[in-house]
Amino acid sequence: MNIHKEVYGTGDPIVLLHGWAMHTGVWREFAKKLAQNYQVICLDLPSHGRSDYLEKFTLENISAALIEQFPSQACTVLGWSMGVTIALDLCQRFPKRINGLIGLAGNPCFVTQENWAGMKLTLLRQFNQQLIDDCSGTLLRFLSLQILRQADYKILVKQLKLALNETLPPTQSILEQGLILLETTDLRMNLATINCPVLMVLGDRDTLVPIKVGEQLQTLQPKLLLKILPKAGHVPFLSHPEELLDCLRNFMEQKRVD
């Protein structure tokens, strides 16, 4: 299977996995900034962006396709939103290939459960229907809301629009399968038993991943490092790039020393 890959910089490798219905273009500029210190490998998920179509969009099939594009040496994997779910699955299936996990605006159990904070199922389904009706338009509106109060809002929106229009959106089938994946996947035990260093970064204004889940993540995995970005929403690589870069560099340095 052909997986679209973009590689920037040199040094310790970090593999970036984007979120649902997106592609590498959404965070390319951030990836290039991160690549000033590391080798950054951006992958389009199967059936997204410029990667080949994967009929059965399951974690097993997704991870099997992606791991072929990972560097031969152990690396750090950074997932955003649904990318965190996929990264957690990769850590369980291929522990020797991954020596660090960074979760950005993600949740191992994305939908609200008893005694677990998450996104309301009705809201998730409503968002999915809007994507099916108008994928590119819905994504642009959603991401624009997450950066609404930024000083360079107009510039960021223009960049977003260009990025989202680079490729066709995923098919309706893939969008629906992605919804099922987020609805039904519970990887809390994956996180609880993970052996590599873990950093989770949340925004205190995220409308999809409640800030409350941060405490629950640390209870689940006591060694987990948690960073809360003030005034950040679901896309801090757009709204708070410098603060996020500092978080990632600190984590990578600490991981190297340990």
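Percent of C-alpha pairs per 5 Å bin in region 5-257, short distances first: 1, 6, 14, 20, 22, 19, 13, 5, 1, 0.
Inter-label distance, Arg149 to Ala192: 3.6 nm, where each label sits 7 Å from its Cα along the C-beta direction.
Answer rounded, prolate or oblate for region 164-251, using the Cα gyration tensor with square roots of eigenvalues a ≥ b ≥ c: rounded when a/c is under 1.5, else prolate when a/b is larger than b/c, else oblate. Walk me through the intermediate numbers first.
Working: a/c = 1.94, a/b = 1.22, b/c = 1.59.
In terms of gyration-tensor shape, oblate.
Neighbour counting of Cβ atoms within 10 Å sorts the residues Val77, Val7, Val201, fewest neighbours leading, into Val7, Val201, Val77. Extension gain for Glu29 to Gln159 (0.36 nm times residue separation, less C-alpha to C-alpha distance): 45.9 nm. Compute a Gaussian network model of the chain, connecting alpha carbons closer than 10 Å, and tell me which residue from Ala64, Ala117, Ala151 fluctuates the most. Among Ala64, Ala117, Ala151, the largest GNM mean-square fluctuation belongs to Ala151.
Just list whichever of Lys5/Lys154; Lys154/Lys231; Lys96/Lys223; Lys120/Lys154; Lys5/Lys158; Lys5/Lys231 have alpha carbons separated by over 22 Å in the model shown. Provide the component values of the computation, followed by the final result.
On the way: Lys5/Lys154 28 Å; Lys154/Lys231 18 Å; Lys96/Lys223 19 Å; Lys120/Lys154 30 Å; Lys5/Lys158 24 Å; Lys5/Lys231 32 Å.
Pairs exceeding the cut-off: Lys5/Lys154; Lys120/Lys154; Lys5/Lys158; Lys5/Lys231.
Under a Gaussian network description of the chain, with springs only between Cα atoms under 10 Å, the residue in Glu183, Glu55, Glu114 that fluctuates furthest is Glu114.
Could you give the length gained on full extension between Leu123 and Glu176, defined as 0.36 nm per residue of separation minus the Cα-Cα distance, in nm? If you can, show how the numbers build up before the last one.
On the way: separation 53, 0.36 × 53 = 19.08 nm, distance 1.43 nm.
Extra length available between Leu123 and Glu176 comes to 17.6 nm.
Here the simple spin-label model places points 7 Å from the Cα toward Cβ, and for Gln73 and Thr219 these points are separated by 4.0 nm. Using the alpha-carbon positions of region 33-119, Rg (one decimal) and Dmax (whole number) come out as 13.8, 43 Å.
By the gyration tensor of its Cα atoms, with a ≥ b ≥ c the square roots of the eigenvalues, what is the shape of region 1-77: rounded for a/c under 1.5, prolate for a/b over b/c, or oblate? It would help to have the intermediate numbers written out before the result.
On the way: a/c = 2.44, a/b = 1.51, b/c = 1.62.
Verdict is oblate for region 1-77.
Each Lys or Arg adds one and each Asp or Glu takes one away; over the other residues whose Cβ falls under 12 Å from the Cβ of Leu156, this sums to +2.
Only alpha carbons enter this Debye calculation for region 92-149, each as an equal point scatterer, and the log10 of I(q)/I(0) it gives at q = 0.16, 0.26 Å⁻¹ is -0.77, -1.06.
Before rounding to the nearest 500, sum -39500 (n - 2.57) across all DSSP H runs of length at least 4 in the chain and divide by the residue total; then give [θ] at 222 nm in deg cm²/dmol. Walk me through the numbers on the way to the answer.
Values: 11 runs with 112 residues, N = 258.
It comes out at -13000 deg cm²/dmol, rounded to the nearest 500.
Extending 7 Å from Cα along the Cβ direction at Ala64 and again at Asp133 yields two label points whose distance is 3.7 nm. Only Cα pairs under 8 Å and 6+ residues apart enter the sum, and on that basis the relative contact order of the chain stands at 20 percent. Counting charges near His240 (Lys, Arg +1; Asp, Glu -1) among other residues having Cβ under 15 Å from its Cβ returns a value of -1.
Read the figures in this text as sums done on the coordinates, not as results from a lab. Note that this is a predicted model, so its numbers are computed, not measured. Using ideal geometry, Cβ is built from the backbone for each residue, glycine included, and neighbour counts are taken over all protein chains shown.
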